[in-house]
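Chemist: So that we are looking at the same thing, I have put the structure below in structure tokens.
Coordinate-derived values only; no laboratory data. Treat the numbers as computed from the prediction; the structure is a model and nothing was measured. In this analysis, Cβ positions are derived from the backbone assuming ideal geometry, glycine residues included, and neighbour counts consider all displayed protein chains.
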Amino acid sequence: MTSETGQLRLVSRREAIRRVSALLGGAAFIGGNRLLAAVENASPLVEGSVGEFTAADIAFLDEIAETILPETKTPGAKAAKTGAFMALMVTESYWPAEQRIFREGMRKIDEAMKKAKDVTFMQATPAQRLALLTALDREQVRVMDARDAAERREKGLAPRPAAAPAAKADQNLPDDPNNDLPVVGVRAVGEVPKKPAHYFRMMKELAMLGYFTSEIGYTKVMRYAEVPGRFDPCLPYTPGDPAWADHA
Amino acid sequence: MQSTSFDAIVVGSGISGGWAAKELTEKGLRVLLLERGRNVEHIKDYVNATKGPWEYLHRGGRTTAMEEAYQVLRRDVLNEKNLAFWVNEKESPYTEVKRFDWYRGYQVGGRSLMWGRQSYRWSDFDFEANAKEGIAVDWPIRYNELAPWYDHVERHAGISGSREGLPQLPDGQFLPAMPFNCGEELLAGRLKDAFDGKRRMIIGRVANATKALEGRSACKYRNACWLGCPYGAYFSTQSSTLPAAAKTGKLTLKPWSIVTEVLLDKKHKRATGVRVLDAVTEQTTEYTAKVIFLCASTLNSTWLLMRSATDVWPGGLGSSSGELGHNLMDHHFRAGAEGFLEGLDDKYYFGRRPNGIYVPRYRNLFGDKRDYLRGFGYQGSASRDGWMRAVKELGIGATFKDEASTPGPWKFGATAFGEMLPNHANVAGLDHERKDKWGLPVLKIDCATGENERLMRKDMINDMAEMLEQTGAKDVSTYDSGYFPGMGIHEMGTARMGRDPKTSVLNAHNQVWDAPNVFVTDGSSMTSSACQNPSLTYMALTARAADFAVQELNRRNL
């Protein structure tokens, strides 16, 4: 890959985006050409933001997302093409520092699986994947909660009253792995610098965003009324009934 | 050939300009309405209004390319869904001496297309405050002079709300109020008891029609207002004032028209018209009229005045007082508290109400005395948390997913909107070093909050926490998301009204002291900022000034 010329990289990136657009399905396809133009125009502005997610990468992200949001009585993340969405967002909406952490995270997950079970993440069983990602989830919640608490202290705000109970466990997990990283993106004078999130927080957030805001998420997982026509301020609710989706 | 001579010219087609065009045409004047940006046709040009949320490539979010292109907008409202309604910052830059977030909408309808629609009257506590406290200069008007004009604009704009009899927040001509949801109902009742009626929670007063008005359907509770409403259910220039003005047959609307200066008859100190630069062809045309209404928005109307009549007054038209460009204000916000409500897990709601609750100002009123001046009101809502709550929660897998698909706990959150004192040092002026796409020197803005706002902000955070704790909310936490002037998108001042031409730019009827056939009726004219959302007051001031202008024309005084 390092031997590729700029021209070749551009072509292959366009190709990658074309595949992502196709994977995202009909509605996105219309936006595909617009996206291609946007990516081409953006390339001189955002150095190093070329995210080349192959079909294998997207399949990998689909399995990450499916482990977080598996098929139950409603479809799982794979059915909502969540992996392709995650790849698109990392390519288009993440700054280079965040992209590096995300890509590095994919590698770390594979390595951790090899170390623990001697198989790749793709070869692992759903139960093995769930066990590994559950541990990573504990790590990211602890890291991100600690960061949030530190930010509140800096601002002089009182601590949040209820920390997630499980986040207090696992006291011997590593410290914030992103402490030394540069801040993300452009920022205005006086703006608080944004540090990249823990890579598994990124994955969880993108998976949930992609899944719940997909057509499946809106119409099959939650309930969606395009034109409610009225506001009923107080109705009985039976536990387990799906949420009404937001839209604005 | 098109006429270049009109009875009146209105510069800007947003909330204020739309009202000026409506009032002046309905009183028989032939009006030229000039808009610097593109046309946006009602309904037809609301291109995303009926799109499924899943149809956006980034699901409404932002890309790094967008962040590079919109260095100001990215600080808060940048999004994929209504990007086309926000100004192109590369074409229209400005200079920040200190950080000032200026979120602009350059198109027919201006920001009336994306506004928050909260509509509150100001009271004499607001109009008298400067005089009583010796701050800046006195407003030249009182509430009773504006009240009939609030009535007038509310009837046409369609403001839904509840009558509460609060002296600091006068009632108006309301359409039926939207209801509280069950969480808000509970809190509102407890709050009234806990604070002996001194602190109240009311439903927001909002420019969404709760029953059909002429040419407009009742609100459909989609809460997609800022994409443009295909039902015309919220007040915008397009849904409300523009069709009324067009119906008279006396309106000429010209998009792509940048007014570069107001032309002046030096001898008589009267404006004769305006010079317009076509934003597309870059050709220049002069238009004449008997009266000129500047409604280009706070800062933009002032910017135009600074470019006008500089051969008479080097600082521009209206600068003789030394106050043009000064006393820039906004509302500081993004500070408050949130908490969880118990006992309502078997309750839910249906429909997306495009409105929240309001806690009217109670600080420094009715005997309360703080270590700062003025006060703040709260805006917020109760709702059941959505799937996003689960991103930060521990857990993945089947149970986690099914749980995240159901409504979460009831939560209430609110931010205060605080008054910002007028301060001569908060100023905008021309930056001759830097030009926009059309060669005009851009505005340079130097504005900061002061000690009064800093002290008030503590109460803004702690009061809401106190109210939530006293009404039984659980796990109450405070927040301060940070604020820089302009973020409120309630920018006001820079051409203030007053009683004395030596200390103010405009008189009690929004006439420029130095050229009385020029009226400035948008947020530029504000003498103080109160803490209520200001747009309704711009509407009332504009309608009042238009009525006065026509009377003066008939008396041959202009």
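Chemist: Which listed residue (B:F293, A:L88, A:Q123) has the Cα farthest towards the positive end of the charge dipole for the protein assembly as shown, taking +1 on Lys and Arg C-beta and -1 on Asp and Glu C-beta about the Cα centre?
Modeler: B:F293
Chemist: For the pair B:A448/B:D124, report the inter-label distance in nm, with labels modelled 7 Å from Cα in the Cβ direction.
Modeler: Spacing of the two 7 Å Cα→Cβ label points: 3.8 nm.
Chemist: Using Cβ counts within 10 Å as a stand-in for footprinting exposure, how do B:R556, B:R370, B:R59 rank, fewest first?
Modeler: B:R556, B:R370, B:R59
Chemist: Using DSSP, restrict attention to beta bridges with both residues in the protein assembly as shown and report what percent are antiparallel, rounded to the nearest 5.
Modeler: DSSP beta bridges in the protein assembly as shown are roughly 70 percent antiparallel.
Chemist: Follow-up question, since we're still on this one. Give the distance, in whole Å, between the Cα centre of the stretch B:27-96 and the Cα centre of the stretch B:522-537.
Modeler: 24 Å
Chemist: What do you get for Rg/Rh over the stretch B:128-182 if you use C-alpha atoms and the Kirkwood form of Rh?
Modeler: 1.11
Chemist: Over the Cα atoms of the protein assembly as shown, what is the Rg over Rh ratio if Rh follows Kirkwood?
Modeler: My calculation puts Rg/Rh at 0.98.
Chemist: Okay, next question. What FRET efficiency do you get for B:E133 and B:S162 if R0 is 22 Å and r is their Cβ-Cβ distance, rounded to the nearest 0.05?
Modeler: Here the calculated transfer efficiency is 0.10.
Chemist: Also, quick follow-up: Taking the Cβ-Cβ separation of A:L235 and A:A59 as r and a Förster radius of 51 Å, what is the calculated FRET efficiency to the nearest 0.05?
Modeler: The value I calculate is 0.75.
Chemist: Here's something else I'd like to know. Counting pairs of Cα atoms in the stretch B:377-429, how many percent are more than 18 Å apart?
Modeler: In whole percent, the long-distance tail amounts to 56.
Chemist: Are there cysteines in chain B with no other Cys C-beta under 4.7 Å, and if so, which?
Modeler: Lacking a cysteine Cβ partner under 4.7 Å: B:C219, B:C225, B:C229, B:C295, B:C447, B:C531.
Chemist: Given contacts defined as C-alpha pairs under 8 Å and at least six residues apart, what's the relative contact order of the stretch B:62-175, whole-number percent?
Modeler: RCO, the stretch B:62-175: 18 percent.
Chemist: May I pose another question? In deg cm²/dmol and to the nearest 500, what is the mean residue ellipticity at 222 nm of chain B if only DSSP H runs of at least 4 residues count, each as -39500 (n - 2.57), divided by the residue total?
Modeler: -6000 deg cm²/dmol
Chemist: Would you please state which residues of the stretch B:399-414 a label at B:D346 would reach in this model, taking the label point 7 Å out along Cα→Cβ and a backbone N cut-off of under 20 Å?
Modeler: B:406-411
Chemist: Still on this model: So the label point goes 7 Å from the Cα of A:A79 along Cα→C-beta, right? Which residues of the stretch A:215-233 then have their backbone N under 13 Å from it?
Modeler: Counting backbone N atoms under 13 Å from the label point, the list is A:215-222.
Chemist: For B:V391 and B:E91, compute 0.36 nm times the residue count separating them, minus their Cα-Cα distance, and round to one decimal in nm.
Modeler: 104.2 nm
Chemist: For B:S301, B:S477, B:S319, B:S16, what ranking results if the residue with the fewest other Cβ atoms within 10 Å of its Cβ goes first?
Modeler: B:S477, B:S319, B:S301, B:S16
Chemist: Normalising by the residue count of chain B, find the relative contact order in percent from Cα pairs under 8 Å and 6+ residues apart.
Modeler: In percent, rounded to a whole number, it is 22.
Chemist: Now for a separate question. Take every DSSP beta bridge with both residues inside chain B and express the antiparallel ones as a percent of the total, to the nearest 5.
Modeler: Percent antiparallel among DSSP bridges in chain B is about 70.
Chemist: Could you work out how far helix B:15-26 tilts from the main Cα principal axis of chain B, as a 0 to 90 degree angle to the nearest 10?
Modeler: Once rounded, one gets 50 degrees.
Chemist: Let me ask another. Hey, which of these cross-link pairs are over 22 Å Cα-Cα: B:K81/B:K211; A:K81/A:K195; B:K81/B:K444; B:K22/B:K254?
Modeler: B:K81/B:K211; A:K81/A:K195; B:K81/B:K444
Chemist: Using the Karplus curve 6.51 cos²θ - 1.76 cosθ + 1.60 with θ = phi - 60°, work out ³J(HN,Hα) for each residue of the stretch B:452-460 in order, rounded to whole Hz, and write x for Gly and Pro.
Modeler: Result, rounded to whole Hz: 4, 5, 4, 5, 4, 4, 4, 5, 4.
Chemist: Continuing with the same structure: Assuming R0 = 35 Å, can you tell me the calculated FRET efficiency for the pair B:R190 and A:E154, based on Cβ-Cβ distance, to the nearest 0.05?
Modeler: Rounded to the nearest 0.05, the efficiency is 0.55.
Chemist: For the stretch B:423-429, take each phi angle, set θ = phi - 60°, evaluate the Karplus expression 6.51 cos²θ - 1.76 cosθ + 1.60, and give the result in whole Hz per residue in order, putting x for glycine and proline.
Modeler: Per residue, the Karplus-derived 3J(HN,Hα) values read 9, 3, 6, 8, 9, 10, x Hz.
Chemist: Please report, to two decimal places, log10 I(q)/I(0) for the stretch B:102-248 at q = 0.10, 0.12, 0.16 Å⁻¹ as given by the Debye formula with identical point scatterers on the Cα atoms and no solvent.
Modeler: -0.45, -0.64, -1.03
Chemist: Run the numbers for B:L455 and B:K44: contour at 0.36 nm per residue of separation, minus the present Cα-Cα distance, in nm.
Modeler: 143.2 nm
Chemist: Using θ = phi - 60° and the Karplus relation 6.51 cos²θ - 1.76 cosθ + 1.60, list the HN-Hα couplings for the stretch B:378-386 in order, rounded to whole Hz, with x at every Gly or Pro.
Modeler: Values per residue, Gly and Pro as x: 10, 10, x, 6, 9, 7, 8, 4, x Hz.
Chemist: Multiply the residue separation of B:E282 and B:D151 by 0.36 nm, subtract the distance between their alpha-carbon atoms, and state the gained length in nm to one decimal.
Modeler: The span from B:E282 to B:D151 would gain 43.0 nm if fully extended.
Chemist: Find the centroid of the Cα atoms in the stretch B:384-411 and in the stretch B:202-225, then give the distance between the two in whole Å.
Modeler: A separation of 31 Å, based on Cα centres.
Chemist: Another one. List every residue whose amide H lies under 5 Å from the amide H of B:Y349, counting only residues 5 or more places away in sequence or on a different chain, with H placed 1.01 Å from N in the peptide plane.
Modeler: Under 5 Å from the amide H of B:Y349 lie the amide H atoms of A:L235, each far enough along the sequence or on another chain.
Chemist: What is the ratio of the Cα radius of gyration of chain B to 2.2 N^0.38 Å, with N the residue count, to two decimals?
Modeler: Cα-based Rg divided by the globular estimate yields 0.96.
Chemist: Which lysines, if any, have their Cα less than 19 Å from the Cα of A:K117, not counting same-chain residues under 8 positions apart?
Modeler: Here the lysines satisfying the reach criterion relative to A:K117 are A:K108.
Chemist: Quickly work out the B:K198-to-A:E111 label distance, labels modelled 7 Å from Cα along the C-beta direction, and quote it in nm with one decimal.
Modeler: 6.1 nm
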